[in-house]
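Right, one structure below, let's go through it.
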Protein chains: 2
Amino acid sequence: MGPDSPEITLSIDGMGGDDAPAIVIDGLAIARVRHPHVRYVVHGDEAAIAPLLENHPDLTTHVQISHTDEAISMDDKPSQAVRRGRKTSMWRAIDSIRQGDAVAAVSAGNTGALMAMSKIQLKTLEGIDRPAIASLWPTELGESVVLDLGANVEADAKQLVDFAVMGATFSRIMTGLKAPKVGLLNIGTEELKGHDEIKAAAQMLRDLPLSMNFIGFVEGDGISAGHADVVVTDGFTGNIALKTAEGTAKLIMAYLKAALGRSLLSKLGALLAAGAFKILKAKLDPRAHNGGVFLGLNGIVVKSHGGTDALGFAAAVDVAVDMAEADLINQIIKEEQVVATVGEGEMTDGGAQSDSGAADKTAPAAQ
Amino acid sequence: MGPDSPEITLSIDGMGGDDAPAIVIDGLAIARVRHPHVRYVVHGDEAAIAPLLENHPDLTTHVQISHTDEAISMDDKPSQAVRRGRKTSMWRAIDSIRQGDAVAAVSAGNTGALMAMSKIQLKTLEGIDRPAIASLWPTELGESVVLDLGANVEADAKQLVDFAVMGATFSRIMTGLKAPKVGLLNIGTEELKGHDEIKAAAQMLRDLPLSMNFIGFVEGDGISAGHADVVVTDGFTGNIALKTAEGTAKLIMAYLKAALGRSLLSKLGALLAAGAFKILKAKLDPRAHNGGVFLGLNGIVVKSHGGTDALGFAAAVDVAVDMAEADLINQIIKEEQVVATVGEGEMTDGGAQSDSGAADKTAPAAQ
């Protein structure tokens with residue numbers, strides 16, 4: 001939105017992330033230029049944050065420091081974090097949205113602690129059993145939304161339907177598409193393949209009049225091929241897929257580097273093509289896709305990658321601003337009412353039993 | 001093995017694969033040079049196969065055609081294939097090992113049909129509930145074994161332990177390592193993370209005196225980083241991980257091509273570095289890692305990729321020869337006796353209930 005947009009306030013965990021608070025403040029300086037109408041409450045150690053603000057005089061009018069001594073470390077377990085967490089910058093960042101002082105929170109801290117605290121403070125939306133983590137995934141056609149990336153280790157049919165609703169809402173806001181293509185991640189595109197939960201979720205998504213174009217199943221290679229605008233899966237599979245993709249990208253870049261270094265000629269070639277490799281690196285730059293959104297809570301929480309820099313943190317702020325200004329929460333609530341009204345009864349047990357077949361459980365998947 | 005190795009016979013599905021029987025016969029011509037002591041019974045349409053043999057006069061002494069008119073198509077569902085399959089080249093290729101006429105079977109046909117027929121004809125080994133599909137995966141350190149890649153859509157703790165035993169045996173044969181590093185694929189490396197099945201399997205693998213070095217959990221990016229020699233997971237997750245990696249590789253190569261084509265300078269650079277790109281392509285060539293092994297059956301069945309060429313088919317034959325000569329089946333049986341003896345009782349229900357905790361089910365995973 002432009003400079004005439006109504007002022008909004010974001011709540012920032014100043015101490016989350018490997019290089020906090022420096023990357024946070026430098027990130028906000030970038031965000032200030034992009035979103036001049038946004039104000040920030042930064043929770044954290046004033047003695048550490050105030051000097052950083054001196055480097056960005058323009059930012060001082062946009063940032064208010066809310067001092068606290070304590071912070072969650074990257075190694076804190078979620079349960080520990082919650083127990084001793086009420087004075088931490090992370091807890092307070094979430095508390096700000098609960099109090100209505102801010103419309104969204106951003107943290108580059110520990111994911112597990114952030115999700116645990118968010119659930120306790122914000123609670124899930126009515127009708128949603130479990131929140132999910134969604135993020136953008138680069139594809140051959142642009143970007144797709146993938147969720148759940150690891151908020152839960154399993155999901156029943158109803159929860160997969162919720163994830164589809166929430167992911168489609170995220171996609172509508174990010175892309176402007178009225179009915180994004182939604183697919184369920186599976187080991188084949190035929191109707192008979194996969195877990196019972198997935199088959200039952202597919203049936204519900206076919207039947208419900210939701211604001212999406214449900215296209216059925218998408219396979220692992222269909223994510224980066226861009227077969228769907230939204231790819232829905234449980235948090236275990238989603239997390240494995242995400243990290244496998246990251247590992248594969250790393251492996252290929254290592255292969256490429258080694259191959260280019262093997263002869264004088266290819267070293268020279270690499271030098272001439274340096275511009276192209278820069279473009280490739282930018283395409284694969286995780287900072288460009290930074291900002292995992294916690295969906296399904298009574299409030300907007302955006303998780304920046306812990307190892308990110310100022311540019312990556314600013315990208316996470318971008319996502320938070322988009323979500324807040326598009327009224328993410330109410331859009332999800334509206335769609336969830338369709339699920340609740342139409343699907344009542346048949347969906348309470350997840351429908352997992354309705355479509356079972358012992359033979360399918362051992363049906364091979366690899367082609 | 002060298003030319004003095006004892007003669008063995010492989011059974012070949014001559015009609016499986018997109019370009020069969022041509023790639024099969026051309027593949028055997030390559031394999032003949034590598035393994036002069038191996039003979040082949042090729043099941044399929046004699047009228048199609050015999051003329052192809054004329055191109056390879058050296059091969060005629062090594063190949064015996066076993067004629068049959070029928071073949072399984074790539075689109076046949078497993079259940080259809082089994083019903084009408086007894087006269088097909090695929091069924092007969094498996095039957096040859098059941099009859100003792102061959103020590104291993106190779107097919108580039110439909111995976112689902114091949115697994116269904118293999119289970120019916122060969123049955124699983126004593127103590128093994130379910131077979132798994134294993135294959136080599138390129139890593140920063142070389143190659144690792146990953147399984148299950150899609151024989152089943154789920155696995156309980158005992159089955160994951162079986163997969164670990166079978167994968168470690170595969171790895172010992174391929175690498176010569178006495179105690180390969182074995183890891184369970186999970187969404188975090190901490191003990192508390194993941195499904196109950198995985199946690200219970202980890203406990204069993206820690207306790208059992210198996211011929212492996214169990215290293216605990218491996219994350220998605222740990223596969224291609226080479227954190228383990230053997231990565232164990234259920235067939236749903238394994239299939240998604242494999243295809244996500246394939247899709248990511250394709251995406252990056254598309255990015256690279258587009259980036260290199262954007263300026264004259266980078267086009268020139270690409271030309272000079274052509275040798276390097278050839279090396280990169282060879283590194284990523286799926287033919288080099290072709291040959292998914294069906295583990296856990298009373299017989300060795302190797303699945304070649306359906307879209308492969310002669311070189312890829314020859315790689316699948318390599319794997320079959322290695323497995324047969326190293327006596328894969330008896331090695332698995334020996335290790336499974338350790339599982340059966342030590343783990344009796346506690347393992348019959350998969351141990352899945354023993355380690356449960358509702359709180360962990362929603363513990364966030366993404367870091």
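FYI, it's all coordinate maths here, none of it is from the lab. This is a predicted model, so every value here is computed, not measured. Because the Cβ atoms are built from the backbone with ideal geometry, glycine has one as well, and the counts that use them run over all protein chains shown.
A few remarks follow.
- Length-normalised contact order for chain B - Cα pairs under 8 Å, 6+ apart - percent: 22
- Amide H partners (placed H, <5 Å) of B:LEU184, local residues excluded: B:GLY216, B:PHE217, B:VAL218, B:VAL232
- Length-normalised contact order for segment A:141-267 - Cα pairs under 8 Å, 6+ apart - percent: 38
- Between segment B:58-86 and segment B:210-243, the alpha-carbon center distance in angstrom: 33
- Across segment A:198-211, rounded Karplus estimates of 3J(HN,Hα) from the backbone phi angles (6.51 cos²θ - 1.76 cosθ + 1.60, θ = phi - 60°) give 5, 5, 5, 5, 4, 4, 4, 5, 5, 7, 7, x, 9, 7 Hz, Gly and Pro being marked x.
- Backbone phi angles across segment A:31-44, fed through the Karplus curve with coefficients 6.51, -1.76 and 1.60 (θ = phi - 60°), yield HN-Hα couplings of 5, 4, 5, 6, 10, x, 8, 9, 10, 10, 9, 9, 8, x Hz in residue order; Gly and Pro are listed as x.
- Taking a sphere under 11 Å around the Cβ of A:ASN298 and counting the other residues whose Cβ falls inside, with K and R at +1 and D and E at -1, yields a net charge of +2.
- Inter-probe distance in nm under a simple model that places probes 7 Å from Cα toward Cβ, at A:GLU7 and A:LYS87: 3.2
- Note, ³J(HN,Hα) from phi for segment B:170-183, Karplus 6.51, -1.76, 1.60, rounded to Hz, x at Gly and Pro: 3, 5, 4, 5, 6, 10, x, 5, 6, 10, x, 6, 10, x
- Within segment B:15-51: backbone nitrogen closer than 18 Å to the B:HIS67 label point (7 Å, Cα to C-beta): B:15, B:21, B:41-51
- Amide H to amide H, with H built 1.01 Å from N, B:ILE65 comes under 5 Å of B:VAL42, counting only residues 5 or more places away or on other chains.
- Per-residue Cβ neighbour counts within 10 Å put A:ARG32, A:ARG39, B:ARG206 in the sequence B:ARG206, A:ARG39, A:ARG32, beginning with the fewest.
- Relative contact order for segment A:240-351, counting Cα pairs under 8 Å that sit 6 or more residues apart, in percent: 16
- Per-copy distances of the B:ARG206 label point, shortest first, in nm (7 angstrom along Cα→Cβ): 4.5
- Residue-averaged beta-carbon neighbours from other chains (10 angstrom radius) around A:126-135: 1
- Which of A:SER66, B:SER224 has the fewest Cβ neighbours within 10 Å, and the rest in rising order: A:SER66, B:SER224
- At 7 Å out from Cα toward Cβ: A:GLU7 inter-copy label distances (nm, ascending): 9.2
- Backbone N within segment B:253-296 under 16 Å of label point (7 Å from A:ALA288 Cα along the Cβ vector): B:253-263
- Each peptide among A:239-248, A:207-216, B:47-56 gets the average number of other Cβ atoms lying within 10 Å of its residues, and from highest to lowest they stand as A:239-248, A:207-216, B:47-56.
- For A:GLY176, the label point sits 7 Å beyond Cα toward Cβ; its separations from the matching points on the remaining copies run 6.1 nm, from shortest to longest.
- Sum of side-chain charges, A:HIS56 neighbourhood, beta-carbon under 13 Å (Lys, Arg +1; Asp, Glu -1): -2
- Each of A:TRP137, B:TRP91 was scored by other Cβ atoms within 10 Å of its Cβ. Arranged with the fewest first, they read A:TRP137, B:TRP91.
- In this label model, B:ARG206 and B:GLU140 are separated by 2.7 nm, measuring between points 7 Å along each Cα→Cβ vector.
- Alpha carbon centroid spacing (whole Å) that separates segment A:138-207 from segment B:154-204: 29
- In straight-distance terms, cross-link reach from B:LYS181 covers every one of the lysines whose alpha-carbon lies under 27 Å from its own, apart from those fewer than eight places away in the same chain; here that gives A:LYS243, A:LYS250, B:LYS158, B:LYS193, B:LYS199, B:LYS243, B:LYS283, B:LYS303, B:LYS334.
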